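The values are calculated or read from the model by the stated rules, or taken from the named source; none is laboratory data. These figures come from a predicted structure and were not determined experimentally. Every residue, glycine among them, receives a Cβ derived from its backbone with ideal geometry; neighbour counts consider all protein chains shown. Remember, those area values only see protein heavy atoms, side chains included, never the ligands or the DNA or RNA. Shrake-Rupley method; radii C 1.70, N 1.55, O 1.52, S 1.80 Å.
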Amino acid sequence: MQHTKMVHLWVGLFVAIGIASLFMLAMRVSNITAFAETEGYQLTLNFDNIGGLKVRSPVTMAGVVIGRVSEISFDKEIYEAEVKVTIENQYDNIPEDTSASIFTSGLLGEQYIGLEAGGSDTFLKQGDRFKLTQSAVVLEQLIGQFLVSKASE
Amino acid sequence: MIAFIENLGESALNIFEKLGRGVVFFINALAGFPALILRFTLVIQQLYAVGVLSLIIIGVAGFFVGMVLGLQGYNTLIDFGAEESLGVVVALTLVRELGPVVSALLYAGRAGSALTAEIGLMKATEQLSAMEMMAVDPMHRVIAPRLLAGIIAVPLLAALFSAVGVMGGYFVGVGLVGVDEGTFWSQMQDSVDIYDDVLNGVIKSIVFGIVVTWIAVFEGYDTVPTSEGVSRATTRTVVHGSLAVLGLDFVLTALMFGD
């Protein structure tokens, strides 16, 4: 009987170690908090070009992540991209004349939406739309402009 | 000429016959799973044999693989000035590929061969027939617990392999060659996705666990009951098990990361 007890103990230890490893992979190696459904309110932005923006890309203000992109679609009426973002509820005082731009982190990094606060006293609410947006910088366009300006010199 | 075609036909028929026997065998073993809930001790004993006893080889191998990844990754990345991505390289390689695959290969060699030899000897010494005489179904008493234990053990071993490997990469990357600790972890957490990477790795290792254990117990059960037959069956387990893991890995990778 003593032998079975030892076997049970070891198997218990084995299962515990295995689950602990899985837990470590989930918590320490990948970032589980980033994908938890954040409570928040939705805002809408229109862009001429979203570049490489993806669903779940971060939305930042002063460099701090305050929300994430929740939906990207194409508005066929005005031929623009429509991006829905979810902003965490604690950040409920975004002025309505806030401007939004799509930036790239680093030279080749992923793209994110950066918000720059305006000066208005009225704040954006659930379902509101940003008025000032600036599209992503597409590298090919930049090179094209550079070549054109060089040629005209 | 006719003899050649006859041979070809015979060996093709043999292969299909064996595949068919294997599938019927697997379904019979699955039918034994519900009864195991009442006698879970059987599964625990097998978990000890295939899981606990494989812990050391998995842990040591994982640590060394992680260390090698750390060193090789660093030497390659430093050329591009991107050594802070070392954590990403180590973690993604381990979680997506090396963790499930290498631990399944080690499992096939360490535990699969033992399963085949054990069941093959049971058959050769007519213990299985003796069980049938006593109206004990060897499928339920011998095969099902081993199969279930394998399916539980392999994902846990793979997770342990990846976790220890990341530790090995951390040890070399941060400890020896001096990558910044903060960027090592934060870049890793930024790029590793819980669903796309970790969960897919776990799904892979579950599939490998099913396939390798299935091959091992089937080869044992299907062995020619002589000493030579058992030795051949054991070899086949390791060879076929490893090949099945590598082949399936490609198929699963194409399905999961192909899009």
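The figures follow:
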quantity	calculated
0 to 90° range, to nearest 10: angle between helix A:139-152 axis and chain A longest Cα axis	30 degrees
Complex-versus-alone comparison for the stretch B:1-50, residues with a loss of 50 Å² or more in accessible area, probe 1.4 Å	B:44, B:48
Per residue accessible area in Å² of the protein assembly as shown, where ligands, DNA and RNA are left out and the probe is 1.4 Å	53 Å²
Candidates B:12, B:114, B:35, ranked by Gaussian network fluctuation over chain B, Cα under 10 Å, top entry	B:12
Rg over Rh, two decimals, the stretch B:86-126 (C-alpha only, Kirkwood Rh)	1.36
Rounded to the nearest 10 Å², the accessible area of residue B:170 at probe 1.4 Å	60 Å²
In Å, descending, principal axis extents of the Cα set of the protein assembly as shown	90, 65, 48
Rg over Rh [alpha-carbon atoms, Kirkwood Rh] for chain A	1.24
Ellipticity estimate at 222 nm from DSSP helix runs (n ≥ 4, -39,500 (n - 2.57)) divided over the protein assembly as shown, nearest 500	-18500 deg cm²/dmol
Accessible surface of chain B, 1.4 Å probe, proportion on carbon and sulfur as whole %	68 percent
Charge dipole (the stretch B:80-127, unit charges on Cβ, about Cα centre) - positive-most of B:113, B:93, B:82	B:113
C-alpha long axis of helix B:55-77 to longest principal axis of chain B, angle in °	40 degrees
The stretch B:221-240 versus the stretch B:96-140: alpha-carbon centroid distance in Å	11 Å
For B:190-197, mean number of other protein chain Cβ atoms within 10 Å	5
Whichever lysines have a C-alpha closer than 25 Å to that of residue B:123, once near sequence neighbours (fewer than 8 apart) are set aside	B:18
Gain upon complete extension [residue B:3, residue B:84; 0.36 nm per residue less C-alpha separation]	22.8 nm
Between 0 and 90°, nearest 10: helix A:2-24 axis offset from chain A longest Cα axis	10 degrees
Inter-site label distance for residue B:10 and residue A:137 at 7 Å from Cα along Cβ, in nm	7.5 nm
Net lengthening on full extension, residue B:181/residue B:37 (0.36 nm per residue, minus Cα-Cα)	47.3 nm
Loss of accessible area when A meets B, both sides summed, Å² nearest 100, probe 1.4 Å	2300 Å²
Cα Rg, Dmax, the stretch B:1-137, angstrom units	22.9, 70
